[in-house]
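Report on one structure; see the data block that follows.
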Amino acid sequence: MTGDVEHFARGLVDTVRTRYRTDDFIPLHAPQFAGRDRDYLLEAIDSGFVSSVGRHVDAFETALRAFTGAGFAVATVNGTAALHTALLLAGVGTGDEVVTQSITFVATCNAIRYCSAHPLFVDVDRETLGLSPESLADFLDEHAEIRNDGSCWNRDTGRIIRACVPMHTCGHPARIERIAEVCADWNILLVEDAAESLGSFYRGRHTGLFGKIAALSFNGNKIITTGGGGMILTDDEALARRAKHLTTTAKQPHPYLFIHDEVGFNYRLPALNAALGCAQVEVLPDYLIRKRALAGYYADWFDETDRIFMHEPDEATSNFWLNAFFARDREERDLVLEYTNAHGVMTRPLWNPMHTLAPFRDCPRAELPNSEWVEARLVKLPSSVPPDGVDAISGR
Ligand SMILES: *Cc1c(COP(=O)(O)O)cnc(C)c1O
């Protein structure tokens, strides 16, 4: 390792250790259960309703509606199930194309494939890590047309481009209003993958509320967790009803008969997980303050180096789910990953871009220079809510 990079990596390890006040292993994002988690879990167990019914599912949905401002919220067993359902409700079906970004977690593309549809990759912005509205518009101008049926067709593949799924990477909001405008111009339904962006707002509006429907995740590594879990957000009451119906085996309400009026899914969130969610969402406002302070701490340190910290995008309020910085090139990225992980400080690169993975290698795509640029350089940093409260943060 060259001296300069080693000096930088050692400084980074010290900086992380100083903030987390430990010589032990420091994970990327650890869940925390310092609120009423145990109380609500015991309440659910004592009630006997731990599975498909119980007051905690309703309570968790209500809390998420209140926090995000969504008209309706439907809890699901995980974020991937929420995305799958959201895409089905957006009308995505066999042979359709769905525009998304190559820089995302594989769940986004898997959910598209569960609908027997094809991902179509456009580029991301370097400033947001989210889907680039210019890349989207340019691709459509060059390759798409709206035909008499009102649908947007990809002229190259002869398939309908039904929906667009931008993702708010690491919690930083994409330029979602501009994306929504392009989608509206082309009759493409907007479905947001807001799995990483609970608590992130664009121009004061919560991410996930800019399109028809959106998905959240409460996996163990997300900003709050239910162990595993997800949520569908929408302002459309009919869609919300269908979401509930489809995710609960399409069973019609009846005092004792089992009538299922279509092939549904067992995608409901168990009440035990929802109970955990009720406690987690109570501490979310506090987490957001503490994670913003952590981002400020990192930003100050990176100002003293000549590497670029991933700052909050313009007009966005980020949840700073995962802090990150850009190494100078792939070689430096790999050296920093090697050094920090060998020294007990967990760091990670971005995911391998979707267009390079075996299942999605042959999907249509735009030029992806920014996706390749950020993938080669981005390093994700430990971002758990820092220990021991607010005074530890002001001690930076
Ligand atoms: C976490 C995540 C999901 C959903 O993941 P689950 O583990 O199924 O809850 C989907 N998309 C992205 C981008 C994610 O980060």
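Note on region 10-58: Rg/Rh from Cα positions, Kirkwood definition for Rh, rounded to two decimals, is 1.30.
Residues whose amide H falls under 5 Å from that of VAL77, counting only those 5 or more places apart or on a different chain, are GLY230, ARG268, LEU269, with hydrogens built in the peptide plane. In this structure, the amide hydrogen of GLY71, modeled 1.01 Å from its nitrogen in the peptide plane, lies closer than 5 angstrom to those of THR234, ASP235, counting only residues at least 5 positions away or on a different chain.
Pairs LYS244/LYS291; LYS212/LYS244; LYS222/LYS251; LYS212/LYS291: which are spaced more than 23 Å apart, C-alpha to C-alpha?
Distance filter (> 23 Å) returns LYS244/LYS291; LYS222/LYS251; LYS212/LYS291.
Rounded to the nearest Hz, the phi-derived 3J(HN,Hα) couplings of region 305-320 under the Karplus curve 6.51 cos²θ - 1.76 cosθ + 1.60 (θ = phi - 60°) are 10, 10, 9, 9, 7, 7, 7, 4, x, 4, 6, 10, 10, 8, 7, 6, where x marks glycine and proline. Close amide H partners of LEU189, meaning residues 5 or more places away or on another chain with modelled amide H under 5 Å apart, are ALA163, CYS164.
Sequence-ordered 3J(HN,Hα) estimates for region 373-387 from the Karplus curve with 6.51, -1.76 and 1.60 and θ = phi - 60° stand at 5, 6, 4, 6, 10, 6, 10, 8, 10, x, 9, 4, 3, x, x Hz, glycine and proline given as x. Going from the fewest other Cβ atoms within 10 Å to the most, the residues ILE112, ILE45 appear in the order ILE45, ILE112. Each Lys and Arg Cβ is given +1 and each Asp and Glu Cβ -1; about its Cα centre, the chain then shows a dipole of about 1060 debye.
When shorter helices are ignored and each DSSP H run of at least 4 residues is given -39500 (n - 2.57), the per-residue value for the chain at 222 nm works out to -12500 deg cm²/dmol. If the Kirkwood radius is taken over C-alpha pairs of region 326-367, then at 25 °C and 0.890 mPa s the Stokes-Einstein diffusion coefficient equals 200 µm²/s. Our coupling estimate for region 121-135, obtained by passing each phi through the Karplus curve with A = 6.51, B = -1.76, C = 1.60 and θ = phi - 60°, is 9, 10, 7, 10, 7, 5, 6, 10, 6, x, 3, 7, x, 5, 4 Hz, Gly and Pro reported as x. Under Stokes-Einstein, with the Kirkwood radius over Cα pairs as Rh, the value for region 109-235 at 10 °C and 1.306 mPa s is 105 µm²/s. For the chain, the relative contact order comes to 24 percent (Cα pairs under 8 Å, sequence separation of at least 6). Out of all Cα-Cα pairs in region 174-298, roughly what percent, to the nearest whole number, are more than 17 Å apart? I get 67 percent for the Cα pairs in region 174-298 exceeding 17 Å.
The ellipsoid equivalent to the alpha-carbon distribution of region 74-131 has semi-axes of 20, 15, 9 angstrom, derived from the gyration tensor eigenvalues as √(5λ) and listed largest first. Sorted fewest first by neighbouring Cβ atoms within 10 angstrom, TYR339, TYR40, TYR114 come out as TYR114, TYR339, TYR40. Sequence-distant contacts, meaning Cα pairs under 8 Å at least 6 residues apart, place the relative contact order of region 272-396 at 32 percent.
Tell me whether the chain comes out rounded, prolate or oblate; compute the Cα gyration tensor, take square roots of the eigenvalues as a ≥ b ≥ c, and use a/c under 1.5 as the rounded threshold. Oblate is the answer for the chain, as a/c is 1.5 or above yet b/c matches or exceeds a/b.
When region 255-396 is described by a simple charge dipole with +1 on each Lys and Arg Cβ and -1 on each Asp and Glu Cβ, the residue from ALA299, HIS311, PRO387 located farthest towards its positive end is PRO387.
Listed by Cβ neighbour count within 10 Å, with the fewest neighbours leading, ILE188, ILE308 appear as ILE308, ILE188. Largest first, the extents of the alpha carbon coordinates of region 81-182 on the three principal axes equal 37, 31, 20 Å.
Counted over the chain, the DSSP beta bridges are approximately 60% antiparallel.
Since every read-out is calculated from the coordinates, none of them should be taken as a lab result. From a predicted model like this one, the values you see are computed outputs, not experimental measurements. Neighbour counts run over all protein chains shown; Cβ positions are idealised from the backbone, glycine included.
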